[in-house]
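**Q** I have a structure I would like to understand better, so I am pasting it below and will then ask my questions one at a time.
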Amino acid sequence: MVPTETAEFLISAADPQQFPAADGISGEASRGPVEIAFLGRSNVGKSSLLNAIVKQPGLAFTSSRPGCTQLINFYRIAEDLRFVDLPGYGYAQVPLEERTRWKTLIESYLLGRQNLTLSFLLIDARRGWMDMDLELKSWLEFHNRRYQVIVTKVDKLKSNNQLRTGLAGIQEVADQQEPVAFSALDGRGVREIWQIISKIKNKQ
Ligand SMILES: Nc1nc2c(ncn2[C@@H]2O[C@H](COP(=O)(O)OP(=O)(O)OP(=O)(O)O)[C@@H](O)[C@H]2O)c(=O)[nH]1
Ligand SMILES: [Mg+2]
């Protein structure tokens, strides 16, 4: 499954009241579009992943400066599918007050959103699991939220040996599932990611 429709930006939400309507088609007793959330540290490549898998480079704003995505951004990918790009964590320059506000906003989305079906948890291939990633993983498991680990920027691991070691280390911690190796640069992993999305939608 690869979208044939054009993806479009819906809204940047600073508050749960700004989240788009949960049911996609008004008046119909549908469960609304499936939402997939993109989670991970600042600069891990969440917005780049989103752009690469829909093949629309400018759709989500990306930057080499961490802390670029500050609100919850909703994208309509197809009638029955939305991607939700969340602010990254772990960027020390963000004032505590702001970080606390994001945490409340992100948690309210992850806990309360009925459309949320799967989260992509992104881990940088060169860094592996860091404390806040492990915290988030435990939090998702504690709250029974389904997630898929995606290892980003694998193009930066130049030798096969580096790549194998990096992936094995990440997989060891991801225990119950096989992480997807991804690169926004060369498109590695895009097909696997669409297969995962298809599977999750068919289960609905
Ligand atoms: N080499 C390489 N660079 C990447 C890849 N994915 C993202 N980048 C770069 O990493 C930087 C951060 O990417 P973003 O997609 O903006 O990261 P983000 O996780 O959305 O960051 P925040 O919005 O700040 O949380 C940008 O300079 C991207 O070009 C990749 O697969 N390979
Ligand atoms: Mg971003």
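No lab work stands behind these numbers, since they all come straight from the coordinates. Worth saying up front: this structure is predicted, and the values here are computed from it rather than measured. Here the Cβ positions follow ideal geometry from the backbone for every residue, glycine too, while neighbour counts run over all protein chains shown.
**Q** Amide H to amide H under 5 Å from A181: which residues, 5+ apart in sequence or cross-chain, H placed 1.01 Å off N in plane?
**A** V151
**Q** Another question about this same structure. Which value, in debye to the nearest 20, gives the size of the charge dipole of the chain about its Cα centre, when Lys and Arg are +1 and Asp and Glu are -1 at the Cβ? Walk me through the numbers on the way to the answer.
**A** Numbers: 25 positive and 23 negative charges, 99 e Å.
Rounded to the nearest 20 debye, it is 480 debye.
**Q** Follow-up. For Q148, what residues show an amide H to amide H distance below 5 Å, using hydrogens built from the backbone and excluding near sequence neighbours?
**A** The answer is S119, F120, L121.
**Q** Pop out the ³J(HN,Hα) list for the range 135-142 in order, Karplus 6.51 cos²θ - 1.76 cosθ + 1.60 with θ = phi - 60°, rounded to Hz; leave Gly and Pro as x.
**A** 4, 5, 4, 5, 4, 4, 5, 4
**Q** Per-residue ellipticity at 222 nm for the chain, helices alone: DSSP H runs ≥ 4 residues times -39500 (n - 2.57), over residue total, nearest 500 deg cm²/dmol?
**A** Using -39500 (n - 2.57) per qualifying helix, the result is -10000 deg cm²/dmol.
**Q** Taking amide hydrogens as modeled 1.01 Å from N in the peptide plane, which residues meet the under 5 Å criterion relative to A13, leaving out close sequence neighbours?
**A** Distant-sequence amide H within range of A13: I72, N73, F74.
**Q** Same structure, new question: HN-Hα J couplings of the range 124-130 from phi, Karplus 6.51/-1.76/1.60, θ = phi - 60°, integer Hz, Gly and Pro as x?
**A** For the range 124-130, the Karplus-derived couplings read 5, 3, 7, 9, x, 6, 10 Hz, x marking Gly and Pro.
**Q** Counting GluC sites (Glu not before Pro) as exposed when in a DSSP loop with at most 16 other beta carbons within 10 Å, what is the longest stretch of the chain free of them? Could you put the intermediate results ahead of the total?
**A** Values: sites that count: E5, E28, E79.
The answer is 80-204.
**Q** Go through the range 130-159 and name the trypsin sites (Lys or Arg not before Pro) that are in a DSSP coil and have 10 or fewer other Cβ atoms within 10 Å of their Cβ. Write down the numbers at each step before the final one.
**A** Working: sites: K137, R145, R146, K153, K156, K158; in loops: R145, R146, K153, K158.
Filter output for the range 130-159: K158.
**Q** Here's a follow-up. Got the relative contact order for the chain handy, in percent, Cα pairs under 8 Å and 6 or more residues apart? Numbers along the way, then the final one.
**A** On the way: 348 pairs, mean separation 44.9, N = 204.
Relative contact order of the chain: 22 percent.
**Q** Here's something else I'd like to know. Among bridges DSSP assigns within the chain, what percent are antiparallel (round to 5)?
**A** On the way: 10 of 30 bridges.
Expressed as a percentage, antiparallel bridges in the chain total about 35.
**Q** Step through the residues of the range 37-52 one at a time and calculate ³J(HN,Hα) from phi using the Karplus curve (6.51 cos²θ - 1.76 cosθ + 1.60, θ = phi - 60°), rounding each to whole Hz and writing x for Gly and Pro.
**A** My calculation for the range 37-52 gives 9, 10, 10, x, 4, 4, 6, 6, x, 5, 5, 5, 4, 4, 4, 5 Hz in order.
**Q** Is there a quick way to get the dipole size of the range 68-180? I mean about its Cα centre, with the Cβ of Lys and Arg at +1 and of Asp and Glu at -1; what is the value in debye to the nearest 20? Before the final figure, lay out each step's value.
**A** Details: 15 positive and 15 negative charges, 50 e Å.
So the dipole magnitude of the range 68-180 works out to roughly 240 debye.
**Q** Check each of the trypsin sites (Lys or Arg not before Pro) in the range 75-131 and keep only those in coil by DSSP with at most 15 other C-beta atoms within 10 angstrom; list them in order. List each step's numbers first, then the result.
**A** Values: sites: R76, R82, R99, R101, K103, R113, R126, R127; in loops: R113, R126, R127.
The qualifying sites are R126, R127.
**Q** Also, quick follow-up: Given R₀ = 41 Å, what would the calculated FRET efficiency be for L10 paired with E172, taking r from the Cβ atoms and rounding to 0.05?
**A** On the way: r = 37 Å, r/R0 = 0.91.
Efficiency at R0 = 41 Å is approximately 0.65.
**Q** Quick one: putting +1 on the C-beta of Lys and Arg, -1 on the C-beta of Asp and Glu, what dipole do you get for the range 145-204 around its Cα centre, in Debye to the nearest 20? Present the calculation step by step, with values, prior to reporting the outcome.
**A** Details: 11 positive and 6 negative charges, 52 e Å.
So the dipole magnitude of the range 145-204 works out to roughly 260 debye.
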